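**Q** Following this message is one structure expressed as structure tokens.
Values quoted throughout were computed directly from the atomic coordinates according to the rules given, and no laboratory measurement underlies them. Because the structure is predicted, anything quoted here is derived from the model rather than measured. Don't worry about glycine lacking a Cβ; one is built from the backbone with ideal geometry, like all the others, and counts go over all protein chains shown.
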Amino acid sequence: MKKMLKAVLLVLLITIVASGLWAGGAKDADTPAAEKKLVMAMVTNQSGLGDQSFNDAAWEGLGQAEVKYGIERKVLESREQAQYVPNLSTLAEQGASLVVGVGFMIKDAVAETAEMYPDIYFGMVDGSVELPNVASIHFKENEGAFLVGAIAAKVTTTGKIGFVGGMSTPVTNRFEAGYRAGAMTADPNVEVFVSYAGTFADAAKGEEMANPQYEQGAEVVFQVAGQTGLGVINAAKKKGLFVIGVDRDQNYLAPENVLSSMIKRVDIAVLNAVGMVVDGNFKGGHYYYGINEGAIDFATTGNLIPKDIVDYANMLKKKIVSGEIKPPATYEELESFTPPAL
């Protein structure tokens, strides 16, 4: 009888222990050791990473978000337009909380993909998508371009400057309009050469576009061309003349030749978009960044711009912020622009 009682108690003990272990196992399975990180991702335009400009700035914004919010960042590079929708869709299928499309040319693909994945948030840099799950991010590039146009016109001794764009789009045209208006404000007689390469991804083409401008007397050329713009910088180095960089401070690429850079803080805009998702207050719509928002400026790294010209540009900047000067953003506005009396 005692042996039977011991056996029953042993079975009960084993059952209790086993039940406890099972319950504990279930609890562990439901409570992961570490919270799963939110994934924030981006799809580049055809310039890809390494453009030292626009795409790299967006990637830096996700890098800042990694540090600030502890997210995981991903990127898919596009080498042709046909890759836009597949790349955006892949990241959505992989569970990214936010997918950022970089560049005006990807706008239609973002619109198409965002409609297919209404529960995923999207960011559209430099384009408008009218969907509730898309934050359309815009920059007032004409403001910064106005400033570097004025600097270029003040620096040149030949009365000639240049502009090389990647592809002619509303965004690059906004750069051009602001640049030309700033130049004529500083010198009504300045001559501005304008060329478009037809691509953002061909450095050799950029050099090919820049050389004739330099040879015709331009002492400063503003490049707004992604990887194509790296060729413009190469041309400036070979000619021993000046070039103005774009998006990021590009002086490190040619310290004696990059006179200035028009800063466009894509990183700030991307970081802010991530913040909306992390904080749970994402809202689709339009977001604008200019001088007043600390996202547009000009660089003085290298001290290549004479102090009086830096002071002049800063004076113009204050007048833009106050509304006294309104840099044109389109060709139509440029045609009707009258340089202010300063």
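**Q** Less than 19 Å apart at the alpha-carbon level, and either on another chain or at least 8 residues along: which aspartates and glutamates does that give for Lys74?
**A** Straight-distance partners of Lys74: Glu35, Asp51, Asp56, Glu60, Glu66, Glu93, Asp119, Asp267.
**Q** Please name whichever of Thr228, Gly217, Asn281 sits farthest to the positive end of the charge dipole of the chain, dipole taken about the Cα centre and charges placed at Cβ: Lys and Arg +1, Asp and Glu -1.
**A** Asn281
**Q** How big is the dipole moment of segment 60-113 about its Cα centre under a simple scheme where the beta carbon of each Lys and Arg is +1, that of each Asp and Glu is -1, and everything else is neutral? Debye, nearest 20, please.
**A** Numbers: 5 positive and 8 negative charges, 25 e Å.
With Lys and Arg at +1 and Asp and Glu at -1, about 120 debye.
**Q** Work out the FRET efficiency for Asp108 and Val194 from their Cβ-Cβ distance, taking R0 = 30 Å, and round it to the nearest 0.05. Can you show the working numbers first?
**A** Numbers: r = 27 Å, r/R0 = 0.88.
Step by step, r from the Cβ atoms, then E = 0.70.
**Q** Quote the FRET efficiency, to the nearest 0.05, computed for Asp119 versus Glu66 with a Förster distance R0 of 30 Å and r equal to the Cβ-Cβ distance. All intermediate terms of the calculation are to be shown ahead of the outcome.
**A** Numbers: r = 23 Å, r/R0 = 0.78.
So, using R0 = 30 Å, E works out to roughly 0.80.
**Q** Treating the beta-carbon of each Lys and Arg as +1 and of each Asp and Glu as -1, no other charges, what is the dipole magnitude of the chain about its Cα centre, to the nearest 20 debye? Present the calculation step by step, with values, prior to reporting the outcome.
**A** Values: 29 positive and 40 negative charges, 281 e Å.
Taking the Cα centre of the chain as origin, the dipole is about 1360 debye.
**Q** Please tell me which of these pairs span more than 31 angstrom C-alpha to C-alpha: Lys37/Lys205; Lys205/Lys318; Lys68/Lys237; Lys160/Lys317; Lys264/Lys307?
**A** Working: Lys37/Lys205 42 Å; Lys205/Lys318 37 Å; Lys68/Lys237 38 Å; Lys160/Lys317 23 Å; Lys264/Lys307 23 Å.
From Lys37/Lys205; Lys205/Lys318; Lys68/Lys237; Lys160/Lys317; Lys264/Lys307, over 31 Å: Lys37/Lys205; Lys205/Lys318; Lys68/Lys237.
**Q** Then there's this: Among (1) 40, 24, 19; (2) 54, 19, 18; (3) 51, 30, 15, which is the computed semi-axes √(5λ) of the Cα gyration tensor in Å?
**A** Only one option fits the structure, namely (2).
**Q** Show me the ranking of peptides 160-168, 123-131, 305-313 by mean Cβ neighbours inside 10 Å, starting with the highest.
**A** On the way: 160-168: 25.8, 123-131: 22.3, 305-313: 15.7.
For the peptides 160-168, 123-131, 305-313, the packing ranking is 160-168, 123-131, 305-313.
**Q** About its Cα centre, how strong a charge dipole does segment 31-83 have in debye, to the nearest 20, once Lys and Arg get +1 and Asp and Glu get -1 at the Cβ?
**A** Working: 6 positive and 8 negative charges, 47 e Å.
My answer is approximately 220 debye.
**Q** With a sphere of radius 15 Å drawn around the Cβ of Leu131, what net charge do the other residues whose Cβ falls strictly inside it have (Lys, Arg +1; Asp, Glu -1)? If you can, show how the numbers build up before the last one.
**A** On the way: positive: Lys107, Lys283; negative: Asp108, Glu112, Glu115, Asp119, Glu130.
Net of charged neighbours comes to -3.
**Q** Related question: Could you compute the net charge surrounding Phe337? Neighbours are other residues with a C-beta less than 12 Å from the C-beta of Phe337; K and R count +1, D and E count -1. Mind dumping the intermediate values first?
**A** On the way: positive: Arg180, Lys326; negative: Glu332, Glu333, Glu335.
Cβ neighbours under 12 Å give a net charge of -1.
**Q** Around Phe175, with a cut-off of 10 angstrom between Cβ atoms, what is the net charge of the other residues, counting Lys and Arg +1 and Asp and Glu -1?
**A** With Lys, Arg at +1 and Asp, Glu at -1, the neighbours total +1.
**Q** Relative contact order, percent, of segment 247-342 when contacts are C-alpha pairs under 8 Å separated by at least 6 residues?
**A** Values: 78 pairs, mean separation 24.6, N = 96.
Computed value for segment 247-342: 26 percent relative contact order.
**Q** Roughly speaking, what is the stretch gain from Arg79 to Ser336, that is 0.36 nm per residue apart minus the C-alpha to C-alpha distance, in nm to one decimal? Walk me through the numbers before you get to the answer.
**A** Numbers: separation 257, 0.36 × 257 = 92.52 nm, distance 3.84 nm.
Taking 0.36 nm per residue and subtracting the Cα distance, the gain is 88.7 nm.
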